Amino acid sequence: MNNKRHPSKQQVREEKYFLPKDTRAIICAANDQQISHLAYRLHYGLPHELDEKKGCYKVVKRLSAVSIHPDVQLVAKQALVQREQSFASLARIASVRKLKAMPVGKLVHGLGAGHVRETSLTIHPTYGIPYIPASSLKGVVRQWWIEAYGNGEERAIEQSSEAKVIFGTQQQRGCVQFYDIYLVNGLQIVPEVMTVHMKEYYEKREMPTDDHPPNPVPFFTVKVTDVDIYLSCLHREQKQAEQLLKTAMKWTMSALEELGIGSKTSSGYGYFRNVRDVTEQEFLPLIRQAEERIKSESQKQQQQKEEQYLASLSPEERLVKEIERLTTNEQDQQKSKGELYKQVIETKNKDAARALQLYWEKIGEWNVKPKQKKQYEKVQAIRTLLQ
């Protein structure tokens, strides 16, 4: 008698989606073009098949390429622009440098994280794009230093004044900040397969024999053309901050080229080449633009405040302030001899006349000779008004 219990149709419908009911309702109601966030495209709506032995549905091992939704590309570009502006603003109080690197091949990060497929991929929870967390970047650079300079001993960091300041220890925080690496430029999500041989030997400790079937495991990889990497250093001494940041940059370059980052680096994934400093070429122009934008906004705010202040004055006081605000450029000089002079004479405003006298003295138009007939007559009119 076969006592195996097979799932009912209702149980099959409930189990095969691997989702909570409310999430499943949203996913099922949306079509493929409405779902843009890569976490949903990779983790939900997975193809499934019935496991006859276990009597339940499971995710199939075949994976198809995942298209990048236009909305994700748009959000990613906006995030990059916003990020660059934020770093340009940060550069006002800290040292910031930018690196650019080209992956040798494909990248895999977060492969061992919990997932229904048992092979995950790190996706940014907000922007919906693959990325490498800052903690992973700092961890790789730190490990590279331990192997390169510390003879594999972690305690060597505390014995190095430079490494201790850059990475920090349990007792103090490091002064160099590492940031997330967004995988955006030329983004592709490509499925790959790793095959486990002699699974029974590793899991059940059986003798390895040639009749053990291979176990193919599918997983997703990321392919991009290049990445931008940012590092910053906030130190009370500017020269010290620049030196520490340059040192951290050199270590980062070597770590990405020699150790790689992410999962399966032993199989060639996660390595970079042509890691270079592009601060002078790509980042400093952004800093200058940010400074000009801040200066322009500051001048605009100052101008608005002055206009509000002038509007609160009486006509006589406003005329005096307007003369006091004149500069030495040609346009202001002509204005002082034209409309402002007429207003002073018409209103007989002695305070404004004194302000105009001081301005003409400043630009060399007060002690003029009679042969400069027009200006000489204006000066005499101001003198008469002041007497």
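One table, with the values for the structure above:
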item	result
Percent RCO, i.e. relative contact order, over the chain, from Cα pairs under 8 Å lying at least 6 residues apart	17 percent
Net charge of Cβ neighbours under 13 Å - reference Y269; Lys, Arg +1; Asp, Glu -1	+2
Amide H within-cut-off set for Q177, under 5 Å, with H built and near neighbours excluded	S232, C233, L234
Options V72, L121, V176, ranked by Cα towards positive dipole end of the chain, top entry (Cβ charges)	V72
HN-Hα J in Hz across segment 263-272 - Karplus 6.51, -1.76, 1.60, θ = phi - 60°, x for Gly and Pro	8, 6, 5, 5, 9, x, 7, x, 8, 10
Rg and Dmax [Cα atoms of the chain; Å; Rg one decimal, Dmax integer]	35.1, 130
Cα-based helix-to-principal-axis angle, 315-324 vs the chain, degrees rounded to 10	80 degrees
Assigned charges on the beta-carbon of Lys, Arg, Asp, Glu; the chain dipole about Cα centre (debye)	880 debye
For segment 178-300, projected area of the alpha-carbon convex hull averaged over all directions, nm²	12.8 nm²
Longest to shortest principal axis, alpha-carbon extents of segment 285-350, angstrom	52, 28, 13
Relative packing of 363-370, 298-305, which averages over residues the other C-beta atoms within 10 Å, highest first	363-370, 298-305
Angle in degrees between helix 373-386 and the longest Cα principal axis of the chain, rounded to the nearest 10	80 degrees
Student exercise, segment 219-338 dipole from Lys, Arg, Asp, Glu Cβ charges, in Debye to nearest 20	340 debye
Highest-first arrangement of 289-296, 104-111, where packing means the average Cβ count within 10 Å	104-111, 289-296
Mean accessible surface per residue for the chain, computed with a 1.4 Å probe while every protein chain stays in place, in Å²	61 Å²
Nonlocal amide H pairs with T221, under 5 Å, H built at 1.01 Å	V190, E192
Fraction of accessible area attributable to carbon and sulfur, segment 138-213 (%, probe 1.4 Å)	44 percent
Ratio of the Cα radius of gyration of segment 240-298 to 2.2 N^0.38 Å, where N counts its residues	1.63
Amide H within-cut-off set for I261, under 5 Å, with H built and near neighbours excluded	Y271
Full-stretch length increase - T328, A156 - with 0.36 nm per residue and alpha-carbon distance subtracted	55.5 nm
Charge-dipole axis of segment 247-318 as Lys and Arg at +1 and Asp and Glu at -1 on Cβ define it, positive-most pick from S312, Q289, W251	W251
Percentage, to the nearest whole number, of Cα pairs in segment 266-387 over 25 Å apart	49 percent
19 Å Cα-Cα threshold exceeded, pairs from K164/K264; K100/K246; K106/K264; K300/K335; K100/K250; K21/K53	K164/K264; K300/K335; K21/K53
Environment charge at R173 (Cβ cut-off 15 Å; Lys +1, Arg +1, Asp -1, Glu -1)	+3
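The values are calculated or read from the model by the stated rules, or taken from the named source; none is laboratory data. A quick note: this is a predicted structure, and the numbers were derived from the prediction, not measured. Positions of Cβ are backbone-derived with ideal geometry, glycine not excepted, and every protein chain shown enters the neighbour counts. Ligands, DNA and RNA are excluded from the accessible area calculation, which covers all protein heavy atoms including side chains. Shrake-Rupley method; radii C 1.70, N 1.55, O 1.52, S 1.80 Å.
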